[in-house]
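The values are calculated or read from the model by the stated rules, or taken from the named source; none is laboratory data. Since the structure is predicted, the reported quantities are computational estimates derived from the model, not experimental observations. Heads up, the Cβs are rebuilt from the backbone with ideal geometry, glycines too, and the neighbour counts pull from every protein chain shown. SASA here: full protein model, heavy atoms, side chains in, ligands and nucleic acids out. Shrake-Rupley method; radii C 1.70, N 1.55, O 1.52, S 1.80 Å.
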Amino acid sequence: MIEAFSYGFIQNAFLAAILASIACGLIGTMVVINRMVFLAGGVAHTAYGGVGLAFFLGLPVMPCTIAFTTVASLLMANFTFRQRRQTETIIGMFWAAGMAIGILLMDCTPGYHVNLMSYLFGSILTVSSFDIWVMIGLNIFLLMAILIFYKDFAAMSFDEEFALSRGAPVKFLYFLLMAMIAVSVVMIIQVVGLILVIALLTIPPYLAQLRISSLGQMMMKATLWSLVFCLFGLWLAYRFDLTSGATIIAVATGSFFVVYVLRKFKVIGTSF
Amino acid sequence: MSVSVIDLKDVSLTIQKETILEEIDLSVKDGEFLAVLGPNGGGKTTLIKVILGLMRPTKGEVSIFGQSPIKNRSQIGYLPQHASIQTKFPMNVLNVILMGFVGKRSFGWRYTQWEKERALVALENVGMRHYAEYDVENLSGGQRQRVLIARALVSDPCLLLLDEPTSNIDPQSRFCFYEFLSDLSSKVTILVVSHDLSITASKVSSIACLNRKLIYNEKPEITQDMFSLLYGVHNHNCPMANVFPSESVFLSQIHTRDQ
């Protein structure tokens with residue numbers, strides 16, 4: 001294992017896993033708390049349109065996908081803000097339309113597309129140094145946004161009516177949150193692919209949400225869980241020559257069931 | 001002369017051609033404990049949102065302490081309807097109370113020591129000092145309402161708006177809760193909206209009935225007009241017709257007892 005670190009792409013893979021875990025912890029917590037899992041799924045699949053667009057225009061994939069997904073997520077925010085409970089249809093439409101646009105754009109791009117599958121199931125071993133720098137920048141943006149608006153986010157998630165009555169900028173926060181989800185989803189796609197994004201956004205916060213007294217604690221705990229899944233999954237994938245994204249998700253879901261069963265039979269306390 | 005805390009003049013609100021509020025005049029004085037009663041869909045929550053400035057009336061004027069409600073938002077403590085709150089939420093009671101300090105520009109992630117002390121005082125005032133470290137999801141309905149009232153009170157408002165505060169509290173505990181409110185009413189002006197008539201048995205100082213239109217009575221009693229507004233006019237062969245007179249007799253008895 002140690003000698004593996006002499007390869008640049010392995011180093012990048014580990015850095016990407018760490019950076020994506022931070023995004024998972026911060027945004028996954030917000031997604032789970034606000035019950036936006038389906039929305040996040042919609043954003044993830046819409047991102048495929050961005051991948052298609054990047055190939056079609058011959059642009060660098062990550063920045064182009066981020067731009068496309070952010071615009072799409074803000075559009076979704078616009079549709080879903082007013083009637084939060086009747087929006088499944090619109091999300092479903094974006095979900096499918098994003099994928100369709102991606103595939104169509106790929107069809108229109110001449111040449112051989114070897115990368116198609118890698119965006120569905122992740123391509124952590126192909127993360128470039130440039131991507132790492134983009135991810136660092138995005139993580140700084142996420143962290144800053146959470147720190148600056150932490151109190152507002154907490155108040156909005158717990159009780160939106162009250163936050164509104166206090167004059168908190170709820171609409172702005174909702175759009176900001178959607179943009180943050182878009183950015184995180186693109187980052188996590190690098191690690192586990194867009195089909196598996198949801199698992200990494202939901203399992204760590206689920207395991208983190210017991211016995212905590214604030215949103216911040218939940219974010220930190222979720223980040224740690226996510227780190228464990230990504231690093232252990234990556235090691236397993238390297239050791240046994242498996243697909244990295246799927247291995248990471250297998251580790252996450254496996255841990256979920258183990259913890260669930262252990263909690264159920266009270267082998268471990270709920271604080272674990 | 002006592003100051004008007006809430007002043008509604010000829011307020012109407014129409015949403016998609018449906019009139020929710022119609023020509024409402026209401027003036028709430030400082031120190032008043034007003035119960036606004038009305039059936040579901042009668043416009044109670046809308047009225048509260050108009051007072052908070054969250055909804056704009058199609059016609060008429062709203063002023064809070066003589067100014068527009070948006071300007072004086074910090075003076076209002078608000079307890080939203082139960083449905084708007086996430087009951088399963090990873091947060092302890094103290095952190096919930098601290099949300100009462102959130103405002104237009106509440107940047108950062110930390111609350112000051114002063115704010116934390118204020119939050120503990122607010123908890124003390126609702127008799128929940130020992131629950132500061134509890135998870136909100138483990139509280140009973142009545143305890144949760146007290147915590148949310150503490151959250152509304154923490155910013156020292158002059159007016160407290162409560163939207164159906166007892167909808168999630170069992171009938172026995174309701175009376176304790178009303179008792180708690182009447183203690184509170186010596187410190188702050190309170191407006192409660194509710195469909196629970198039993199609130200009239202508590203020490204409210206005035207009553208209004210709202211069913212699209214509003215009838216205000218500065219005495220804590222329900223008049224026949226109010227009953228007609230709430231439930232419509234029932235003639236003598238309707239079984240409901242026999243219910244109301246006895247109920248209004250009951251209520252006026254309570255009223256004379258209080259005097």
In sequence order, calculated HN-Hα J values of the range B:95-103 (Karplus, 6.51, -1.76, 1.60; Hz; x Gly/Pro): 5, 5, 4, 4, 4, x, 8, 5, x
Restricting attention to the range B:32-107, which chymotrypsin sites (Phe, Trp or Tyr not before Pro) occupy a DSSP loop and are surrounded by at most 16 other Cβ atoms within 10 Å? B:F107
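Normalising by the residue count of the range A:19-264, find the relative contact order in percent from Cα pairs under 8 Å and 6+ residues apart.
32 percent
How high is the relative contact order of chain B, given as a whole-number percent (alpha carbon pairs under 8 Å, six or more residues apart)?
After rounding, I find 25 percent.
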Just to be sure I understand the curve: with the Debye formula and one point per C-alpha of chain B, what is log10 I(q)/I(0) at q = 0.09, 0.13 Å⁻¹? -0.42, -0.87
Give the carbon-plus-sulfur fraction of the accessible surface of chain A in %, rounded to a whole number; probe 1.4 Å, heavy atoms of protein chains only. 72 percent
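Where does each of A:T202, A:T65 land when they are ordered by accessible area, with a 1.4 Å probe and the largest first?
A:T202, A:T65
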For the range A:175-235 and the range B:104-155, distance of Cα centres in Å: 29 Å
Taking placed amide H atoms and a strict 5 Å upper bound, the residues 5 or more places from B:G60 or on another chain that come that close are B:S12
Amide H neighbours of B:A208 at under 5 Å, excluding residues fewer than 5 places away on the same chain, with H built from the backbone geometry, are B:A35, B:V36, B:L37, B:N217
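Does chain A come out rounded, prolate or oblate by the C-alpha gyration tensor, with a ≥ b ≥ c the root eigenvalues, rounded set by a/c under 1.5 and, if not, prolate when a/b is larger than b/c and oblate if not?
Values: a/c = 1.73, a/b = 1.09, b/c = 1.58.
Oblate.
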Could you sort the residues of the range A:165-179 by number and keep only those whose accessible area is reduced by 50 Å² or more in the all-protein-chain setting relative to the chain alone, 1.4 Å probe? A:S165, A:R166
Peptide B:90-99, shielding by other chains (average Cβ, 10 Å cutoff): 6
Residue-by-residue Karplus 3J(HN,Hα) for the range B:144-157, coefficients 6.51, -1.76, 1.60, Hz, glycine and proline x: 5, 4, 4, 4, 5, 5, 4, 4, 5, 8, 5, 8, 6, x
Given a 1.4 angstrom probe, what's the average accessible area per residue across the protein assembly as shown, in square angstrom? 45 Å²
When A and B pair up, the total accessible heavy-atom area removed from solvent (1.4 Å probe), in Å² to nearest 100, is 2900 Å²
Answer rounded, prolate or oblate for the range A:139-272, using the Cα gyration tensor with square roots of eigenvalues a ≥ b ≥ c: rounded when a/c is under 1.5, else prolate when a/b is larger than b/c, else oblate. oblate
Over the range B:76-189, relative contact order from alpha-carbon pairs under 8 Å, at least 6 apart, %: 42 percent
Cα gyration tensor shape for the protein assembly as shown, rounded if a/c is under 1.5, else prolate or oblate: prolate
Estimated vicinal HN-Hα couplings, Hz - the range B:51-64 in sequence order (Karplus 6.51, -1.76, 1.60; Gly, Pro = x): 5, 6, x, 7, 10, 9, x, 6, 8, x, 10, 10, 9, 10
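For A:29-39, what's the mean count of beta carbons from other chains sitting within 10 Å of each residue's beta carbon?
Whole-number average of other-chain Cβ neighbours for A:29-39 is 1.
Listed highest first by mean packing, meaning other Cβ atoms within 10 Å per residue, what order do B:148-155, B:17-24 come in?
Packing order, densest peptide first, comes out as B:148-155, B:17-24.
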Would you mind checking which residues have amide H under 5 Å from B:E32's amide H? H placed 1.01 Å from N; only 5 or more apart, or other chain. B:I190
For A:208-217, mean number of other protein chain Cβ atoms within 10 Å: 4
